[in-house]
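The values are calculated or read from the model by the stated rules, or taken from the named source; none is laboratory data. Since we're looking at a predicted model, the values are computed, not measured. Counting neighbours? That spans all protein chains shown, and the Cβs are built from the backbone with ideal geometry, glycine included. The protein model used for the area step is the full one, side chains on, heavy atoms only, and it has no ligands, DNA or RNA in it. Shrake-Rupley method; radii C 1.70, N 1.55, O 1.52, S 1.80 Å.
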Amino acid sequence: MHAFCIFAVLAGSLVAAHASRYEPTWDSLDKRPLPGWYDDVKVGIFLHWGVFSVPSFGSEWFWWDWQGTHNKKFVDFMEKNYPPGFTYADFAPKFTAEMWDSNAWADLFAKSGAKYVVLTSKHHEGFTNWPSKASWNWNSMDEGPHRDLVGELATSIRNRTSIHFGLYHSLFEWFNPMYLQDKANKFQTQTFVKEKTGPELYDLINTYKPELIWSDGDWEAPATYWNSTGFLAWLYNDSPVKDTVVVNDRWGQNVACHHGGYYTCSDRYNPGHLVNHKW
């Protein structure tokens with residue numbers, strides 16, 4: 001009788017484990033409850049840091065404002081302060097981070113009372129703050145500081161604090177030729193996703209194990225182009241952070257404020273009333 005009971009319990013556990021796997025559909029993924037730690041924290045810190053920090057003019061959208069929309073204020077700034085022919089890539093060697101101390105940052109974050117921190121791993125400019133193999137010669141190991149900024153901060157946070165470590169990651173890149181070609185093909189091809197942004201996401205998770213992912217840069221293409229549901233199913237089922245990771249809602253056109261772990265909806269979103277979903 002005892003042997004039968006043990007077998008029944010084990011069999012039931014296996015069935016439950018199988019049933020708890022998430023399918024690559026929004027209906028299935030949206031059923032995943034948020035990990036408990038996210039309910040318990042109230043204050044976090046979000047850090048934008050990259051090559052755009054060198055000109056320190058406008059915002060992290062500097063490159064787009066300068067050469068995407070040709071905003072006169074940014075064009076004039078460049079003409080006044082930099083020589084003719086100066087390119088955005090020329091800022092990268094100047095992004096040296098020579099005074100950066102990840103331990104000091106971690107200690108400061110802990111003193112602030114913050115319970116999670118989110119660092120920019122890659123913004124829309126495409127420069128990665130870790131040695132991404134998919135971003136040759138446009139990353140913080142090959143250019144600028146010649147350091148793994150993501151790795152150093154992750155280590156300091158975990159060794160010196162109880163803060164949860166998270167990463168911001170932009171799906172698209174303004175001027176990446178592979179992305180622009182996919183866009184010209186009306187996103188019927190996925191060269192950029194398969195060779196650049198997809199491998200980077202998996203690399204970030206497997207290498208640095210962030211417990212929070214702030215996805216962005218999704219709005220021009222549908223979630224099917226980004227393979228968002230496939231990635232999230234892997235993240236929730238098989239990744240090294242499957243039990244603790246929290247994600248936002250920026251995974252493709254018309255996804256924000258409808259699907260995802262917590263809603264951001266839009267920058268500086270304020271619903272103005274109590275909502276039934278974490279935001």
| query | Any chance segment 101-121 includes a residue that's part of a loop (DSSP other than H, G, I, E, B), within 19 Å of Leu47 (Cβ to Cβ) and either among the aliphatic types (A, V, I, L, M) or touching an Asp or Glu at 6+ places or on another chain (Cβ under 8 Å) (or both)? | reply | yes
| One residue from Val193, Val245 being in contact with a helix residue (DSSP H, G or I) (Cβ under 9 Å, 6 or more places away or on another chain) and within 25 Å of Asp39 (Cα to Cα) | Val245
| note | Residue set Glu125, Glu98; condition in a loop (DSSP other than H, G, I, E, B) and open to solvent by 50 Å² or more (accessible area, probe 1.4 Å); output residue Glu98
| said: Just to be sure I understand the filter: pairs with C-beta atoms under 6 Å, separated by 6 or more residues or on different chains, first member in segment 158-183 and under 18 Å from Asp249 (Cα atoms), second member basic (Lys, Arg). Which pairs pass? | reply: His169/Lys122; Ser170/Lys122
| query | Can you name the condition, by its number, that Trp64 falls short on among (1) in a loop (DSSP other than H, G, I, E, B); (2) surrounded by 13 or more Cβ atoms within 10 Å (Cβ to Cβ)? | reply | (1)
| request: Any residue in segment 227-246 that's without any contact (Cβ under 8 Å) to a residue 60 or more places away in the chain: show its pairings with residues that are open to solvent by 10 Å² or more (accessible area, probe 1.4 Å) and acidic (Asp, Glu) at Cβ separation under 7 Å, as long as the two are six or more apart or on different chains. | output: Val241/Glu211
| If you go through segment 229-260 one residue at a time, how many are within 20 Å of Asn206 (Cα to Cα) and out of contact with any Ser or Thr (no Cβ under 8 Å at 6 or more places or on another chain)? | 15
| said: Taking the condition of being in contact with a Phe, Trp or Tyr (Cβ under 7 Å, 6 or more places away or on another chain) and crowded, with 16+ Cβ neighbours inside 10 Å, how many residues in segment 245-255 meet it? | reply: 5
| Output for segment 173-198, where each listed residue is buried (at least 20 other Cβ atoms within 10 Å of the Cβ) and of a type in the set (A, V, I, L, M) | Val193
| note | Flagged in segment 128-166 as assigned to a loop (DSSP other than H, G, I, E, B) and of a type in the set (Val, Ile, Thr), in numbering order, are Thr161, Ile163
